[in-house]
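Asker: First, the structure itself, so that you have it in front of you.
The values are calculated or read from the model by the stated rules, or taken from the named source; none is laboratory data. Model, not experiment: these values are computed from the prediction. No Cβ is skipped: glycine too gets one built from the backbone with ideal geometry, and neighbour counts run over all protein chains shown. With ligands, DNA and RNA removed, areas are computed over all heavy atoms of the protein, side chains included. Shrake-Rupley method; radii C 1.70, N 1.55, O 1.52, S 1.80 Å.
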Amino acid sequence: MKLASLRRGGRDGTLTLVSRDLTRAVEAQAAPTLQDALDVWDSVAPELEKQAAALEAGTAAEAFAFEPADCAAPLPRAYQWADGSAYVNHVELVRKARGAEMPESFWSDPLMYQGGSDAFLGPRDPILMADEAWGIDFEAEVAVVVDDVPMGVSAEAAAGHIRLLMLCNDVSLRNLIPGELAKGFGFFQAKPSSAFSPVAVTPDELGEAWDGQRLKLPMLSAINGEAFGRPDAGVDMTFDFPTLVAHAARTRPLGAGAIVGSGTISNRDADGGPGRPVAEGGLGYSCIAELRMVEKILGGEIRTGFLRFGDRVTIEMKDAGGRSLFGAIDQVVEPYKAPA
């Protein structure tokens, strides 16, 4: 199934089933919102599947054209947003950019932060920022949504709690990060609202690309229409999703609807190096910070700036046949004016 939350009704939107080709939709009958469905997933999933099948068959009553611009995030707000750094190649490069050493434990123990989950952005919402000098960056990620996960769950058991997958733009303010981390208390202002894809999908929709642990497809990103990254989400993922979920639940349970992110997708180059830009035949990057660090490593100086007002970022993933699986995140950076 493919599920969206249209901006209808209350602030949690209206749960909607979307056709596989992302052209048609119908409001769900079994639950009013995605959070309501996740709270009792085992009981409502069969009814949702029946309605999804009718939509595919063209027999669903009151079906309508699907418009991503009408979507909030699949979960407009969530009880939990825990973002990992499963691609240690990314962690290593970004830490080099800050002049920070790479602890050996990062290869065996996942890095994870708890982000704000009360105000997610929809897939077409602008990235509103008050100051370009904050170092506005995008981060293209895959995220999973779980049902109720008990504290202390094993990685093997955690795999059975993954109900949905979606794409994420984990917006980062790079120039605010060093000062916040220097305080020793983690991110806060440097991590504004994240955006998510128009639809969240059940694992069965992904076929062989999803093996229960990793999503093995390229993550496609572009800035102002020019290809920026195409790394494979299934490659160089040091910690798989069940491991990340188990890590998040080590000392506390996770409530239904909790979101766990992969962190920025990052691949090494074929020769083991840090990767090359798409324009040079490489797989590119899923954030600007990586390109900047590679520029510094290979050329001695950083040439690429962060996002500016008016820049457009797109993030998408397609199946082997070239069909969009989640719809595209498509956002423009715009100036924000605080209320008087």
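Asker: Considering only segment 216-265, give the strands (runs of 3 or more DSSP E) lying wholly within it that have at least 2 residues that are farther than 17 Å from PHE196 by Cα.
Answerer: Per the criteria, 226-229.
Asker: Testing MET166 on (1) open to solvent by 40 Å² or more (accessible area, probe 1.4 Å); (2) at pLDDT 95 or above; (3) not in a loop (DSSP other than H, G, I, E, B), one condition comes back false. Which one is that?
Answerer: (1)
Asker: Assuming LEU298 fulfils every condition listed in (1) open to solvent by 40 Å² or more (accessible area, probe 1.4 Å); (2) at pLDDT 90 or above; (3) outside any loop (DSSP other than H, G, I, E, B); (4) of a type in the set (A, V, I, L, M, F, W, C) apart from one, which condition is it?
Answerer: The number of the failed condition is (2).
Asker: If a residue must be out of contact with any Lys or Arg (no Cβ under 8 Å at 6 or more places or on another chain), surrounded by 12 or more Cβ atoms within 10 Å (Cβ to Cβ) and either of a type in the set (A, V, I, L, M) or free of Cβ contacts under 8 Å to residues at least 60 places away in the same chain (or both), how many such residues does segment 301-328 contain?
Answerer: Summing the residues that are out of contact with any Lys or Arg (no Cβ under 8 Å at 6 or more places or on another chain), surrounded by 12 or more Cβ atoms within 10 Å (Cβ to Cβ) and either of a type in the set (A, V, I, L, M) or free of Cβ contacts under 8 Å to residues at least 60 places away in the same chain (or both) in segment 301-328 gives 6.
Asker: With the structure loaded, tell me whether GLY58 is closer than 30 Å to ALA249 by Cβ, more than 23 Å from the chain's Cα centre (by Cα) and not β-branched (Val, Ile, Thr) or whether it fails that test.
Answerer: It is false that GLY58 is closer than 30 Å to ALA249 by Cβ, more than 23 Å from the chain's Cα centre (by Cα) and not β-branched (Val, Ile, Thr).
Asker: Report yes if some residue within segment 131-154 is touching a His at 6+ places or on another chain (Cβ under 6 Å) and farther than 30 Å from GLY13 by Cα; otherwise report no.
Answerer: no
Asker: Now for a different question. So, in segment 214-227, exactly how many residues are more than 15 Å from the chain's Cα centre (by Cα) and either at pLDDT below 95 or buried (at least 24 other Cβ atoms within 10 Å of the Cβ) (or both)?
Answerer: Within segment 214-227, residues that are more than 15 Å from the chain's Cα centre (by Cα) and either at pLDDT below 95 or buried (at least 24 other Cβ atoms within 10 Å of the Cβ) (or both) number 0.
Asker: At least 2 residues that are open to solvent by less than 10 Å² (accessible area, probe 1.4 Å) and either of a type in the set (A, V, I, L, M) or closer than 30 Å to VAL294 by Cα (or both) in each: list the strands (runs of 3 or more DSSP E) lying fully within segment 1-119 that qualify.
Answerer: 2-6, 14-18, 24-27, 81-84
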